[in-house]
Structures are given as C-alpha cells and as structure tokens.
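What follows is a single structure, written as structure tokens, with notes after it.
Every number in this text was worked out from the coordinates using simple rules, so none of it is lab data. In this text, all values refer to a predicted model and were calculated from it rather than measured experimentally. Cβ atoms come from the backbone with ideal geometry, glycine included; neighbour counts cover every protein chain shown.
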Amino acid sequence: MAVMRIGRAELRVLDLEESVKYYTEVIGLDEVGRSDGKVYFKAWDEFDHHSLILQEADSPRLDHLAFKVENEEDLSKFEKKIEQFECTLKRISKRTRLAEGEAIRFELPTGHHVELYYDILRVGSKTGSLNPPPWPDGLRGIAPHRLDHLALTGEDINTVTRFFTEVLGMFVSEQITTVDGEEMVGSFIFASNGKPHDVAFIKGPDKKLHHAAFYVDNWYDVLKAADILSKNNVSFDVTPTRHGITRGQTTYFFDPSGNRNEAFASGYITYPDFPTVTWTEDKIGQGIFYHRRELTESFAKALT
Ligand SMILES: [Fe+2]
C-alpha cells in the first residue's frame with residue numbers, strides 16, 4: 001500500500017478561455033478534453049490522461065489535489081485509515097470526471113480537499129515508450145515534463161504533516177520550525193518516488209493554494225521559462241533563483257486569474273530513509289530564496 005505521487009490538481013479560474021490559452025500556449029500543456037464545463041490538460045512527458053483540470057468560477061482557488069495509489073485495495077485500506085484520523089471522506093464514482101475511475105475524496109486538517117485514485121486512462125507520453133526520442137517535436141511555451149508539486153497554506157502544520165506521514169505513509173524531506181524548535185511552520189512531503197516534494201505546507205490561512213509547480217530539467221530551462229513568461233507579459237512573482245530547501249531552481253509567476261505557478265528544476269533525490277533537513281524560521285528567507293535571503297511581501301501574502 002503506497003502513495004506513488006501527486007497526479008493532478010483541479011483549479012478554479014476567472015476566465016476559462018483566457019486560462020486555456022495561457023496553460024496551452026505559455027505553460028505549454030496539451031488540452032486533452034472538455035466535459036461539464038471543465039477543461040483537461042496533460043504535459044508532454046506524462047502518460048496518464050490528464051494532470052490539470054480547470055473550471056470557471058467567481059474566484060480563483062484550488063478545488064482539489066490528488067495522489068495516485070497503486071490499486072483498488074489501496075483505496076479501501078487508505079479509506080479506513082483516513083476515517084480513523086477523523087477526516088470527512090466520501091467515494092467519488094467512476095466517470096465523475098473525464099477518463100477517471102473511482103476515487104476517495106477527503107478533507108485535510110487544513111481544509112484542503114484531496115483525492116486518492118488509481119484508475120485513470122493511460123494514453124502514453126508524447127514520445128511513446130518504444131525507442132523514444134528525448135523530447136517530441138512541436139513543443140510550445142515552457143513545455144514542462146509534468147505537474148511536479150503543490151504548495152498549500154494552513155494553520156496547523158504539525159497535524160497536517162502527521163496526517164501525510166502516519167496515514168498516507170509519505171515522508172518529510174525538510175521542515176521549517178520556530179527557532180526554539182517547538183512548532184513546525186513549514187513541511188515538504190514526498191511519496192516514495194525520489195522527488196524532494198510532492199506537496200508542501202507553509203503556515204498561513206487554511207484552505208489556500210500557494211502555488212502549483214511544473215517540472216523543467218535544469219537551471220537553463222528555468223531561465224528560458226522566464227524568457228517565455230516575459231515575452232508573453234506574464235506577471236512575475238519571483239525571477240529565476242535557487243531554493244535552499246530542496247536545492248531546486250525556480251521562478252514564480254501568476255496565471256491570468258492570480259493562481260501562482262512555478263517552473264521548478266532539479267532538486268536532490270530522496271529515499272524513504274532520507275534524513276529530514278530542518279531550517280529554523282529565522283533562516284526562512286535563505287531557505288526559500290538562497291540568494292536574496294528574504295521573502296518578498298507578495299510571496300508571503302498572495303494566495304488563492
Ligand atoms: Fe514549489
């Protein structure tokens with residue numbers, strides 16, 4: 001029984017067609033379907049049907065994020081453990097959304113909605129699985145490999161982190177604590193897949209999205225992503241820099257509705273026995289922006 005990885009995010013956006021244009025032409029995802037007012041996208045290197053869903057609403061926000069588990073039995077096993085943690089939970093029936101099978105949906109202690117699923121149509125990546133080239137022809141925009149991770153905010157980071165480790169069997173790569181070490185104010189959580197994080201939590205208001213990140217290969221690709229963003233007059237939050245936490249390279253920017261996106265590259269490899277790295281709150285600036293060494297006001301406050 002294991003959570004394999006983050007698999008999708010569903011966002012609410014203000015103007016659907018403007019957002020579709022941004023996520024296809026600037027981010028460079030492929031639109032793969034439309035149904036019931038929702039638009040589905042995948043990145044070129046992903047092999048499942050979709051990883052991002054958009055729907056129009058009055059305000060931008062995260063509807064849910066979802067993690068892929070291995071099989072049907074996992075859903076029942078996790079269902080019991082989640083209910084024991086006293087989270088509200090329900091079953092989502094097959095074909096509630098395009099190309100998806102059954103899922104379980106529950107509310108985290110931070111109020112975010114999360115789903116676990118195993119059944120989704122496998123359509124294959126754009127390079128295929130037989131003698132593939134390193135990348136396909138016809139890429140547009142930033143053209144990330146995949147949806148990489150989501151960062152969320154919440155009041156009680158200790159409890160939500162305990163949920164991910166004790167209930168979902170995931171691991172903490174890094175944590176931010178108060179200087180006295182008494183309270184956790186940030187945590188970076190990975191499934192058993194070698195990534196530095198699949199989801200992160202930062203202390204702040206419950207139910208909010210901090211950012212959704214897409215993976216590119218390296219520092220040059222982050223720079224090139226920033227070139228593409230500027231060329232398209234996309235609003236930046238943070239121009240390219242290095243994270244202390246995860247050692248990744250990054251640039252942050254906003255989608256047309258104000259949902260923050262990130263182009264994230266590199267970062268180290270993790271294992272289930274990876275020793276958790278701790279940053280104290282007085283060094284949070286360096287942890288998040290290794291060169292600037294301080295948080296910007298917009299980075300701390302702009303949430304959807
Ligand atoms: Fe991130």
_Most fluctuating residue given options Asp273, Asp206, Asp48, as computed from a GNM of the chain linking Cα atoms under 10 Å_ = Asp273
*How many nm is it between the label spots at Glu182 and Phe236, if each spot is 7 Å from the Cα in line with the beta carbon?*
4.0 nm
*asked:* Which of His243, His291 has the fewest other C-beta atoms within 10 Å, and how do the rest follow up to the most?
replied: His291, His243
*Assuming R0 = 35 Å, can you tell me the calculated FRET efficiency for the pair Thr159 and Leu130, based on Cβ-Cβ distance, to the nearest 0.05?*
0.15
*Going by how many other Cβ atoms sit within 10 Å of their own, how do Glu100, Glu107, Glu73 line up, fewest first?*
Glu73, Glu107, Glu100
*HN-Hα J couplings of segment 170-184 from phi, Karplus 6.51/-1.76/1.60, θ = phi - 60°, integer Hz, Gly and Pro as x?*
8, 10, 9, 7, 9, 9, 10, 10, 4, 4, 7, x, 6, 10, 7
_Under-5 Å amide H pairs with Ser51, H placed in peptide plane, nonlocal only_ = Phe41, Lys42, Ala43
*Near the amide H of Asn261, under 5 Å away, which other amide H atoms are found, from residues 5 or more places off or on another chain, if H is placed in the peptide plane?*
Ala212, Phe253, Phe254, Asp255
*Could you give me the ³J(HN,Hα) list for segment 82-99, computed from phi with Karplus coefficients 6.51, -1.76, 1.60 and θ = phi - 60°, whole Hz, x at Gly and Pro?*
5, 5, 4, 7, 6, 9, 5, 9, 9, 8, 9, 7, 3, 6, 4, 10, 4, 6
*Once you've got the GNM for the chain with C-alpha springs shorter than 10 Å, pick whichever of Glu86, Glu174, Glu31 has the biggest mean-square fluctuation.*
Glu86
*Evaluate the distance, in nm, between pseudo-label points positioned 7 Å from the Cα of Asp137 and of Arg122 along their respective Cα→Cβ axes.*
2.7 nm
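Convex hull over the alpha-carbon atoms of segment 146-301: what's its volume per residue in Å³? Show your work: numbers first, answer last.
Working: hull volume 16.9 nm³, N = 156.
In segment 146-301, the Cα convex hull volume per residue is 108 Å³.
Longer than 20 Å from Cα to Cα, which of Lys81/Lys207; Lys208/Lys301; Lys195/Lys283 are they? Say none if no pair is. Provide the component values of the computation, followed by the final result.
Details: Lys81/Lys207 22 Å; Lys208/Lys301 11 Å; Lys195/Lys283 23 Å.
Listed pairs above 20 Å: Lys81/Lys207; Lys195/Lys283.
Kindly identify segment 89-236 as rounded, prolate or oblate by the Cα gyration tensor criterion: order the square roots of the eigenvalues as a ≥ b ≥ c, call it rounded if a/c is under 1.5, otherwise compare a/b with b/c, prolate if a/b is larger, else oblate.
On the way: a/c = 1.96, a/b = 1.27, b/c = 1.54.
Oblate, since a/c reaches 1.5 and b/c is not below a/b.
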*Cα gyration tensor shape of segment 173-229, rounded if a/c is under 1.5, else prolate or oblate by comparing a/b with b/c*: prolate
*Could you run the Karplus curve 6.51 cos²θ - 1.76 cosθ + 1.60 with θ = phi - 60° over segment 244-256 and give me ³J(HN,Hα) per residue in whole Hz, x for Gly and Pro?*
x, 5, 6, 6, x, 10, 8, 9, 10, 7, 10, 6, x
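Mind pulling up the Rg/Rh value for the chain? Radius of gyration and Kirkwood radius, both on Cα. Could the numbers behind the result be given before it?
Working: Rg = 18.2 Å, Rh = 19.4 Å.
Dividing the radius of gyration by the Kirkwood radius yields 0.94.
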_11 Å cut-off, amide nitrogen to a point 7 angstrom out along Arg292 Cα→Cβ, residues in segment 223-245_ = 236-242
*How high is the FRET efficiency from Lys80 to Asn193, r the C-beta distance, R0 30 Å, rounded to 0.05?*
0.80
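For Arg91 and Asp58, what does the FRET efficiency come to when R0 = 25 Å and r is the distance between their Cβ atoms, rounded to the nearest 0.05? Mind dumping the intermediate values first?
Values: r = 28 Å, r/R0 = 1.12.
Plugging the Cβ-Cβ distance into 1/(1 + (r/R0)^6) gives 0.35.
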*asked:* Quick check: residue separation of Lys224 and Glu70 times 0.36 nm, minus the Cα distance between them. What number comes out in nm?
replied: 51.9 nm
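How much of the DSSP bridge set in segment 146-301 is antiparallel, in percent, rounded to the nearest 5? Walk me through the numbers before you get to the answer.
Details: 28 of 42 bridges.
Close to 65 percent.
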*What residue among Ser35, Ser125, Ser257 has the largest mean-square fluctuation in a Gaussian network model of the chain, using Cα springs under 10 Å?*
Ser35
_Helix-derived mean residue ellipticity, 222 nm - over the chain, DSSP H n ≥ 4, -39500 (n - 2.57), to 500_ = -4000 deg cm²/dmol
